[in-house]
Amino acid sequence: MAGGHGHEISYGGLSLHAPKRWHTLTGKAMGAVMWFWIFYRAKQDGAALLGLRHPWEAHGHAHGHGHQEGGQHLEPAKH
């Protein structure tokens with residue numbers, strides 16, 4: 001398959017072509033994006049993932065499901 005052109009790296013009888021520079025840089029960039037995403041998600045959801053908080057309490061958002069802080073149910077507005 002390989003025509004023997006370009007720079008090759010040989011190890012134990014196996015000859016591999018050296019990667020092009022853009023392949024190396026793209027691989028490093030994609031790896032960095034992956035780790036930044038993992039760290040971002042760990043910051044956002046790490047406590048819920050480790051069981052330190054319930055998943056529905058992890059972000060602290062009040063979604064207005066009809067409950068007050070005292071646990072009383074709010075009646076829907078009548079139009």
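The values are calculated or read from the model by the stated rules, or taken from the named source; none is laboratory data. Here the structure is a predicted model, which is why all the values come from computation and not from measurement. Cβ atoms come from the backbone with ideal geometry, glycine included; neighbour counts cover every protein chain shown.
Structure notes:
- Those residues of segment 9-24 which are among the hydroxyl-bearing types (Ser, Thr, Tyr) and in contact with a strand residue (DSSP E or B) (Cβ under 7 Å, 6 or more places away or on another chain), in sequence order: Ser15
- Residue within segment 49-64 that is surrounded by 10 or more Cβ atoms within 10 Å (Cβ to Cβ), more than 20 Å from the chain's Cα centre (by Cα), assigned to a strand (DSSP E or B) and modelled with pLDDT under 90 present: no
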